[in-house]
Amino acid sequence: MQAVAEGTRWMLRLDQGQDLFVALSDFAKQHEIRAAAVVSGIGMLRDFAIGYWNGSQYVRKDIAEPHELVGLHGSIAEADGPSVHLHAALAAPNHQLVGGHLMQATVWVLNEVLIETFPGRTFARPIDETLGLRKLDLEPNRLSPAP
């Protein structure tokens, strides 16, 4: 992986064979990033899983064949280490798109990823019991308002 920073922005190049989630998590640990937005990403992925939230659980689709990564977005928060949440749109060889919650992925050829960080902040991702999902909390250390 290569990474370069300009202010609060980071441009990453991930290389073939890297686990996308491990690479982004390791990057966040190395640079002590506890709050960030994954602004964009392009390249190719293989051996990936896409999920669709049906209201109670993710319906998972595993795809082994390489696809063009035409859109990648998400966030990085802190939840006992970096918590990487991504959504992706991917194009098949027949130009059909598949997309949703990215659950796992391996970089094929390369990925170019732009990340915007929020220095001095920590985003959290606690479980929301009413939804059954981890929900991004932008201000986990704020005091609750008085009743």
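For the reader, a short list of remarks on this structure follows.
- Which listed residue, of 38, 59, is closer than 15 Å to residue 20 by Cα, modelled with pLDDT of 95 or more and β-branched (Val, Ile, Thr): 38
- For region 86-103, a residue qualifies if it is surrounded by fewer than 17 Cβ atoms within 10 Å (Cβ to Cβ) and assigned to a strand (DSSP E or B), and the qualifying residues are 87, 91, 97, 98, 99, 103.
- Selection of first residues in region 16-38 that are under 15 Å from residue 119 (Cβ atoms) and of second residues that are among the acidic types (Asp, Glu), restricted to Cβ pairs under 8 Å at least 6 apart or on distinct chains, gives the following pairs, ordered by first then second residue: 34/78; 35/78; 36/116; 37/116.
- As a summary of the residue check, residue 87 satisfies the conditions (1) without any contact (Cβ under 8 Å) to a residue 24 or more places away in the chain; (2) over 21 Å from residue 28 (Cα atoms); (3) not aromatic (Phe, Trp, Tyr) except for the one numbered (2).
- All positions within region 52-77 that are part of a strand (DSSP E or B), within 20 Å of residue 136 (Cβ to Cβ) and free of Cβ contacts under 8 Å to residues at least 60 places away in the same chain: 52, 58, 71, 72, 73, 74, 76
- Scope region 4-53; condition more than 16 Å from residue 86 (Cβ to Cβ) and in contact with a Lys or Arg (Cβ under 8 Å, 6 or more places away or on another chain); matching residues: 34
- In region 1-15, of all residues being surrounded by 13 or more Cβ atoms within 10 Å (Cβ to Cβ) and free of Cβ contacts under 8 Å to residues at least 40 places away in the same chain, the one that is farthest from residue 110 (Cα to Cα) corresponds to 3.
- Candidates in region 52-81 are the residues that are touching a Leu at 6+ places or on another chain (Cβ under 8 Å) and of a type outside the set (A, V, I, L, M); of these, the one that is surrounded by the most Cβ atoms within 10 Å (Cβ to Cβ) is 67.
The values are calculated or read from the model by the stated rules, or taken from the named source; none is laboratory data. Owing to the predicted nature of the structure, the values given are computational and were not obtained by experimental measurement. Glycine also receives a Cβ, built like all others from the backbone with ideal geometry; neighbour counts cover every protein chain displayed.
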